[in-house]
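Participant: Quick one: structure below, then a few questions.
No lab work stands behind these numbers, since they all come straight from the coordinates. These numbers come from a predicted model, not from an experiment. Neighbour counts run over all protein chains shown; Cβ positions are idealised from the backbone, glycine included.
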Amino acid sequence: MTELLGEHFFANPHAYYRLWREQGPVYRVHFGDGVDRWLIIGYEEARAALADPRLCKDIDRLEAVIERKYAGTWAGPRTHDGLRHMLNADPPTHTRLRKAVSQAFTARRVAALQPIIERTANDLLDAMAGHEQVDLLQAFAVPLPVAVICHLLDVDIEDHGTFREWTKALVGTLEPDVDRARAHDEMVAFLRKILQRKRAEPGEDVLSALVADDAELDEGELIGMALLLLVAGHETTVNLVGNGMLALLRDRPWLERLRDDPDLIPAAVEEFLRFDGPVDMATLRFTSEPITVGGTVIPEGEMVLVALAAANRDPRHFSDPHRVDPTADRTAHLGFGYGIHYCVGAPLARLEGRVAFSALLQRFPDITLAVDDSELRWYPNAVIHGMKRLPVRLS
């Protein structure tokens with residue numbers, strides 16, 4: 001049986017995962033684009049799949065599989081500059097691309113960003129303080145990581161609204177009225193201008209390092225890596241903060257406990273990543289040969305998705321997984337993936353999350369949800385799990 005995924009799934013994927021789990025750790029799904037995918041939902045199976053070299057990500061080989069098996073039916077993206085980055089590469093290309101950016105996310109460089117993150121968070125909270133009600137995403141969760149990644153990359157994004165429109169289009173939204181091709185073209189044109197400036201006036205930032213001759217990236221890889229850093233560099237934190245705050249607004253005792261005991265917040269960030277993390281499914285993989293997952297044989301040349309959100313609530317691995325508990329030791333979650341594609345920006349996202357939750361709960365200790373839970377709407381997106389709006393009352 002193949003499940004057609006639609007709006008109801010994206011609003012509450014965990015309800016579906018609980019039902020599918022009864023049938024085993026692997027399930028077949030369809031997004032209405034002409035291609036079925038195998039979805040891995042068990043924790044042990046997901047962890048193994050994320051590290052399995054037979055599950056490939058190379059964009060050129062994926063293109064060949066699509067042309068061979070799904071020509072005329074596949075409605076997904078084709079190869080272009082914006083897709084040539086380390087999440088769509090296998091070793092040795094992946095190794096080379098990841099090495100080129102890993103210097104930007106060392107523990108020392110991330111720690112040095114803390115004053116900037118704290119200052120930005122406080123400025124945003126100051127602006128919110130004059131309002132009784134705000135959309136917490138637009139007022140705080142979006143501009144905080146956007147400002148930080150722009151500082152890290154030395155990029156000026158004046159129109160955050162347009163940037164977010166591009167981002168949502170490029171990370172796989174299934175909304176029918178979104179023009180993904182236009183968003184891609186506009187984003188690539190924007191990035192080309194930035195990279196031209198970096199060549200002419202290099203600085204100490206990571207994009208300047210990428211355009212340097214010794215980085216050995218071609219033009220497509222430069223565009224792809226710049227796009228990945230800008231998009232992934234803020235999107236994870238946006239929805240870590242949004243989804244985590246929603247969990248607290250739904251569970252007042254934990255909100256009050258974290259407010260009164262800020263030392264618990266680092267553990268709470270890990271729990272939010274597990275309980276309702278910002279990434280639902282890891283980006284697309286395909287089988288280079290037949291593989292067996294949880295007793296199910298997946299043939300060669302098949303599309304495979306690993307559901308991190310489902311794995312993180314697998315009751316075979318986590319006790320009482322559908323309840324938030326920052327005091328439980330659940331740090332083995334897959335919120336940032338696993339294996340060679342483990343999120344290179346995870347240290348930065350964790351720091352931003354700790355600063356964001358600490359600042360929010362101290363500044364607005366009586367924050368509450370401003371709408372009924374049923375009014376919240378989620379983006380129809382297989383990769384990013386996040387809300388469109390999060391209206392809150394500040395006092």
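Participant: Per the helix-only calculation at 222 nm, which mean residue ellipticity applies to the chain, given -39500 (n - 2.57) for every DSSP H run of n ≥ 4 and division by its residues, nearest 500 deg cm²/dmol?
Facilitator: Rounded to the nearest 500, it is -14500 deg cm²/dmol.
Participant: Using 20 Å as the cut-off for backbone N distance, which residues of region 269-286 belong to the label zone defined by a point 7 Å from the Cα of residue 328 along Cα→Cβ?
Facilitator: Flagged as within label range: 269-280.
Participant: Multiplying the sequence separation of residue 319 and residue 181 by 0.36 nm and subtracting their Cα-Cα distance, what value in nm do you get?
Facilitator: Result for the pair: 45.3 nm of gain on full extension.
Participant: Quick one: compute the contact order of region 289-347, relative version, from alpha carbon pairs under 8 angstrom and 6+ residues apart, as a percent.
Facilitator: For region 289-347, the relative contact order is 22 percent.
Participant: Moving on to the next point. Can you tell me which of 182-191, 295-304, 354-363 comes out highest on packing, and rank the rest after it, using the mean Cβ neighbours within 10 Å?
Facilitator: 354-363, 182-191, 295-304
Participant: Here's a follow-up. Could you sort 323-336, 36-49 so that the peptide with the highest average Cβ count within 10 Å comes first and the rest follow in order?
Facilitator: Result, highest mean Cβ count within 10 Å first: 36-49, 323-336.
Participant: Separate question: Percent of Cα-Cα pairs per 10 Å bin, from 0 to the last occupied bin, for region 239-369, please list those.
Facilitator: Histogramming region 239-369 at 10 Å steps yields 12, 39, 29, 14, 6, 1 percent.
Participant: Thinking of region 2-393 as a set of Cα atoms, what percent of all their pairs are more than 40 Å apart?
Facilitator: I get 12 percent for the Cα pairs in region 2-393 exceeding 40 Å.
Participant: Another one. Evaluate the relative contact order of region 185-336 (contact order divided by residue number), counting alpha-carbon pairs under 8 angstrom at least 6 apart; express in whole percent.
Facilitator: 19 percent
Participant: Count the net charge of all other residues whose Cβ sits under 12 Å from the Cβ of residue 264, scoring Lys and Arg as +1 and Asp and Glu as -1.
Facilitator: Combined, the nearby Lys, Arg, Asp and Glu give -4.
Participant: OK, next. Can you compute the radius of gyration and Dmax for region 114-164, using only the Cα atoms, both in Å?
Facilitator: 11.3, 34
Participant: Moving on to the next point. Quick test of the membrane-span-like rule: which DSSP H helices of the chain reach at least 18 Å along their long axis (C-alpha atoms) with mean Kyte hydropathy at least -1.0?
Facilitator: Result, helices passing both filters: 114-128, 180-200, 219-250, 346-363.
Participant: I want to check the label-to-label distance for residue 216 and residue 69. Put each point 7 Å from Cα in the C-beta direction and report it in nm to one decimal.
Facilitator: Label-label distance for residue 216 and residue 69, simple model: 3.2 nm.
Participant: Continuing with this model, one more query. Cα-based Rg (one decimal) and Dmax (whole number) for region 203-303, in Å?
Facilitator: 20.3, 55
Participant: What ranking do 56-62, 108-114, 309-315 get when scored by the average of other Cβ atoms within 10 Å per residue, highest first?
Facilitator: The peptides rank, most packed first, as 309-315, 56-62, 108-114.
Participant: OK, next. Testing the spin-label approximation: label points 7 Å from Cα along Cα→Cβ at residue 28 and residue 103. State their distance in nm.
Facilitator: The modelled label-to-label distance comes out at 4.8 nm.
Participant: Under 17 Å Cα-Cα from residue 388, which lysines qualify once same-chain neighbours fewer than 8 residues away are excluded?
Facilitator: 168
Participant: Which FRET efficiency value, to the nearest 0.05, is calculated for residue 129 and residue 296 with the Förster distance at 45 angstrom and r the Cβ-Cβ distance?
Facilitator: Computed FRET efficiency for residue 129 and residue 296 comes out at 0.25.
Participant: Just how large is the dipole of the chain about the Cα centre, in debye to the nearest 20, putting +1 at every Lys and Arg Cβ and -1 at every Asp and Glu Cβ?
Facilitator: 460 debye
Participant: Can I ask one more? So for the pair residue 251, residue 36, with labels modelled 7 Å out along Cα→Cβ, what separation do we get in nm?
Facilitator: 3.7 nm
Participant: Considering the zone a paramagnetic label at residue 388 would reach in this model (a point 7 Å from Cα along the Cα-to-Cβ line), which residues of region 139-157 have amide N under 20 Å from it?
Facilitator: 139-143
Participant: Report the relative contact order of the chain, percent, no decimals, based on alpha-carbon pairs under 8 angstrom and at least 6 residues apart.
Facilitator: 26 percent
Participant: Now a separate question. For a test of the definition: using alpha carbon positions, the gyration tensor, and the 1.5 limit on a/c, classify region 298-357 as rounded, prolate or oblate.
Facilitator: Because a/c hits 1.5 or more and a/b fails to exceed b/c, region 298-357 counts as oblate.
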